[in-house]
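Read through the structure below, which is laid out as structure tokens, and then see the notes.
Every read-out reported here was derived from the displayed coordinates using simple, explicitly stated rules and does not represent laboratory data. Model, not experiment: these values are computed from the prediction. All Cβ positions, glycine included, derive from the backbone under ideal geometry; neighbour counts span all protein chains shown.
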Amino acid sequence: MSDPVDPYEELTITKGAVVEPGTSLVNKTGSWREFKPVIDQDACTGCGLCETFCPDMAAKAIEERTYAIDYDYCKGCGICAEECPVDAIEMIAEVN
Amino acid sequence: MAEMQMLKGDKAVAHGVVSIQPDVVSAYPITPQTGIVERVSQFKADGELDGEFLRVDSEFNACSTALGAAAAGARAFSATSSQGLKLMSEPLFTASGMRLPLVMAVANRSLSAPLSIWGDHTDTFAERDGGMIQIYGEDVQEAVDNLLMAYKVAEDPDISLPALSTMDGFILTHVKEPVEIYSEADVAAFLPDREPNFTLDPSDPKTMGAYARPEHWTETRYAVQEAMLRSKDKIDAVVHEFAEQFGREYGLDYRGLIDVYGPEDADVAIITLGSLVGTVKDVLDEYEERGESVKLVKIRVYRPFPIDELRAALRGVDAAAVLEKDVSLGYQGGLVTDLKAALYNTDVRPDIRSFIVGLAGRDIQRREIREVVAEMQRLAADPVSGTVAFEDEESWPQVREDILEEVDQS
């Protein structure tokens with residue numbers, strides 16, 4: 001989905017607070033992160049386990065057998081680093 | 001004309017469920033509820049239930065799938081007891097916030113530990129803050145009737161809230177009583193098809209239960225509170241419509257929220273709910289014969305709380321006893337706590353005492369009710385002035401202190 005309408009704009013509360021889709025896109029939960037996963041692309045074998053395990057769909061294939069983290073939504077949970085079979089993901093403290 | 005049958009309480013409720021024809025039934029067995037969904041599944045197997053019957057892996061899933069079905073526009077049903085209700089607590093709070101009218105039968109049972117399968121009101125009282133309408137039945141017929149009325153209230157598009165229709169575990173689920181079971185046609189005339197405010201539809205996607213920011217969340221809770229309070233008017237209308245169509249009356253003078261038996265000007269009132277109401281009625285008949293002035297206030301609806309009705313029913317009463325099968329550990333019984341709060345800012349101020357009784361299936365005998373009435377009559381004749389000590393406000397008359405190691409025996 002590209003350029004979604006912000007469902008929170010001029011939001012009024014219906015019964016059950018039912019809203020238009022796209023709330024997850026506009027809530028950029030990456031700001032919650034304290035540790036940032038960084039992929040060492042030389043060590044990465046492109047197995048895709050980071051994408052499989054990521055609970056926020058923030059680890060994604062950007063081209064064939066190449067993965068990157070979408071920092072807009074990555075909360076820094078570290079599951080990808082834990083699961084990476086070749087230790088190609090390092091968790092680095094965020095400096096705020 | 002409805003058919004009178006001799007039925008066990010759980011089976012009678014199952015007949016009620018089928019007469020309502022929910023689109024989706026999703027449930028997991030737990031004593032003493034099991035008989036309800038067991039019979040509903042039999043009806044499904046026999047081709048008498050058109051809807052889906054989902055066999056799931058837990059109460060969490062039972063409630064969650066019923067919630068999902070309700071979100072898709074279905075009329076949903078589930079049933080549970082005790083620990084099962086605890087496991088459903090999370091999706092039930094969610095159903096309330098999403099304004100999904102899923103209706104459940106709860107066979108009231110105590111909560112662990114220690115493990116007990118027997119009945120009390122601990123399970124539903126623990127859910128009182130979740131935005132579910134709670135209706136308590138006195139006997140099997142009322143449990144069946146309340147289920148029908150619960151659907152009509154919950155599914156009103158203006159209310160749209162989950163509802164728990166409860167009956168005391170074993171005392172009502174496992175007793176045989178003559179029950180009127182209504183035909184599907186009669187029920188359909190009473191309960192129109194559900195008209196959901198929103199439905200999950202892939203061709204017109206919506207998000208239910210989205211992430212709410214601090215600038216929106218308060219309004220959603222306020223809306224649930226308003227709908228809960230508004231549901232009293234709907235309950236009022238529905239008990240009248242029910243009486244009109246089916247001829248049975250439930251608290252018509254008190255908007256269906258409570259009912260009152262005995263002399264209007266009684267000095268003493270006994271307040272209780274569930275199956276104990278029937279026992280208290282029997283005992284109070286003795287007082288009526290002797291011309292003694294004692295009335296019974298029966299709580300039918302615990303949430304929304306019948307504030308105005310209790311104020312009206314207790315005006316002029318000198319001493320009131322609350323008999324309840326639950327306790328908010330660390331304070332007092334849930335019902336008495338709410339009752340006292342409802343009277344605090346009024347001039348309706350009877351002396352109130354509460355009695356924690358009937359926990360986990362302990363029988364409540366007529367003698368014990370007479371003792372409570374006698375204590376209230378003494379209190380009415382000789383009221384306490386000033387502050388009543390916390391430990392004197394509530395008693396546990398059935399406690400066997402002699403077997404309790406932790407109590408100081410000195």
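Quick check on segment B:1-138: take the gyration tensor over C-alpha atoms, sort the square-rooted eigenvalues as a ≥ b ≥ c, and tell me if it's rounded (a/c under 1.5), prolate or oblate. Kindly include the intermediate steps, with their values, before the conclusion.
Details: a/c = 1.60, a/b = 1.15, b/c = 1.39.
It is oblate, given that a/c is not under 1.5 and a/b is not larger than b/c.
Derived value for the protein assembly as shown: Kirkwood hydrodynamic radius 25.3 Å. Basis is the mean of 1/r over every pair of different alpha-carbon atoms. The Cβ shell under 10 Å around B:VAL327 holds other residues with a net charge of -3, Lys and Arg each +1, Asp and Glu each -1. Derived scalar couplings between HN and Hα for segment B:63-76 equal 6, 5, 6, 5, 4, x, 5, 4, 5, 7, x, 7, 7, 10 Hz in order, rounded to whole Hz, by the Karplus curve 6.51 cos²θ - 1.76 cosθ + 1.60 (θ = phi - 60°), x for Gly and Pro.
Kindly state, to the nearest 0.05, the FRET efficiency for B:ASP129 paired with A:ASP42, given R0 = 56 Å and r defined as their beta-carbon distance. Efficiency, from the Cβ-Cβ distance: 0.55. Cys residues of the protein assembly as shown that find no other Cys beta carbon under 4.7 Å: A:CYS44, A:CYS47, A:CYS54, A:CYS74, A:CYS77, A:CYS84, B:CYS63. Working note: Debye formula, equal point scatterers on the alpha-carbon atoms of segment B:259-403, no solvent; log10 I(q)/I(0) at q = 0.09 Å⁻¹ is -0.24. A straight chain from B:GLU401 to B:GLN42 at 0.36 nm per residue would run longer than the Cα-Cα distance by 124.6 nm.
Count Lys and Arg as plus one, Asp and Glu as minus one, and take only other residues whose Cβ is under 12 Å from that of B:VAL407; the net charge is then -4.
Tilt of helix B:9-20 relative to the longest C-alpha principal axis of chain B, in degrees (0 to 90, nearest 10)? Between the helix axis and the principal axis of chain B, the angle is about 40 degrees.
Computing FRET efficiency as 1/(1 + (r/R0)^6) for B:GLU226 and A:GLU64, where r is the C-beta to C-beta distance and R0 is 45 Å, gives about 0.25.
Apply 1/(1 + (r/R0)^6) to the Cβ-Cβ distance of B:PHE390 and B:LEU252, taking R0 = 45 Å, and write down the FRET efficiency to the nearest 0.05.
0.75
The Cβ shell under 14 Å around B:LEU172 holds other residues with a net charge of -3, Lys and Arg each +1, Asp and Glu each -1.
Phi-derived couplings, Karplus 6.51 cos²θ - 1.76 cosθ + 1.60 at θ = phi - 60°, listed residue by residue for segment B:242-247: 5, 4, 4, 7, 10, x Hz, with x used for Gly and Pro. Each Cα pair under 8 Å and six or more residues apart adds its separation to the average, and for segment B:259-403 the resulting relative contact order is 26 percent.
Compute the relative contact order of segment A:37-95 as a whole-number percentage, counting only Cα pairs closer than 8 Å that sit 6 or more residues apart in sequence. Don't skip to the answer; put the middle values down first.
Working: 88 pairs, mean separation 26.1, N = 59.
Result for segment A:37-95 is 44 percent.
Considering all alpha-carbon pairs of segment A:28-93, what whole percent are spaced by more than 17 angstrom?
29
Across segment B:392-408, rounded Karplus estimates of 3J(HN,Hα) from the backbone phi angles (6.51 cos²θ - 1.76 cosθ + 1.60, θ = phi - 60°) give 8, 6, 10, 9, 10, x, 8, 5, 9, 4, 5, 9, 9, 5, 6, 7, 5 Hz, Gly and Pro being marked x.
With contacts taken as Cα pairs under 8 Å and at least 6 residues apart, chain B reaches a relative contact order of 15 percent. Counting only DSSP H runs of at least 4 residues, each contributing -39500 (n - 2.57), and dividing by the residue count of chain B, the helix-based mean residue ellipticity at 222 nm comes to -12500 deg cm²/dmol.
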